[in-house]
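Notes follow once the structure below has been shown.
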Amino acid sequence: MDELLIAKENQQVTTGVVQISDTRLVEKFWQLKVEQLTSWNQGTNELLAQLQIKNADLISTFPAGSVSSTANQIVGLNVGVQQPLIQLNGTTQPGDVLLNLSEFQLFVPKEAVKSTGTYQTVLEWVLSDTPS
């Protein structure tokens, strides 16, 4: 049977926040992406699993229509694949964006070889200027 594990600390669901402030007065085109760099591993044991980030609301002070995001969606990560989270498209106004990450889930398919232990992976968050 597939398993979906929810990250918790002290019996509370683990949450997060991504916040970006851009005060430049030039036309801005940027993206925030996240990438899983390594497989889930515990020493020599590797776990076939997918980290899923459940995103909640996006709060933005940029002009309406200039920000797109994965708000209110679940983003699944795979090793070596950058997943876009937030994109700003062509505004000269300064502003802020805040993306609430409401839950971190680990999806473990039924065919995965499971071994009890503490597993780890590495995530890379990339904020880059992207011309139009």
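The values are calculated or read from the model by the stated rules, or taken from the named source; none is laboratory data. Please read these numbers as outputs of a predicted model, since none were measured by experiment. Backbone-built Cβ (ideal geometry, glycine too); neighbour counts: all protein chains shown. Areas reflect the complete protein model, heavy atoms only, side chains present, ligands, DNA and RNA absent. Shrake-Rupley method; radii C 1.70, N 1.55, O 1.52, S 1.80 Å.
Distance from the Cα centroid of region 22-72 to that of region 100-121 is 19 Å (rounded to whole angstrom). Between 27, 111, 103, the residue with the greatest mean-square fluctuation in the GNM of the chain (Cα pairs under 10 Å linked by springs) is 111. Backbone phi angles across region 22-29, fed through the Karplus curve with coefficients 6.51, -1.76 and 1.60 (θ = phi - 60°), yield HN-Hα couplings of 10, 9, 5, 9, 9, 5, 10, 9 Hz in residue order; Gly and Pro are listed as x.
Working note: Karplus 6.51/-1.76/1.60 with θ = phi - 60° gives region 44-61 the couplings 8, 7, 10, 10, 6, 8, 10, 6, 10, 9, 8, 8, 9, 5, 10, 10, 9, 9 Hz, where Gly and Pro are set to x.
Computed over region 88-132, the P(r) curve from all C-alpha pair distances, binned at 5 Å from the origin, holds 4, 9, 14, 19, 13, 11, 10, 8, 7, 4, 1 percent per bin. Projected over every direction and averaged, the convex hull enclosing the alpha-carbon atoms of region 11-76 yields 7.1 nm². Using a probe of 1.4 angstrom and keeping all protein chains present, the accessible surface of region 72-117 works out to 50 square angstrom per residue. Where does the Debye-calculated log10 I(q)/I(0) of the chain sit at q = 0.10, 0.17 Å⁻¹, using only Cα point scatterers of equal weight, no solvent? Calculated log10 I(q)/I(0) at the listed q: -0.39, -0.92. Taking 11 Å as the cut-off, the amide N atoms of region 74-110 that come nearer than this to a point 7 Å along the Cα-to-beta-carbon line of residue 27 belong to 90-92.
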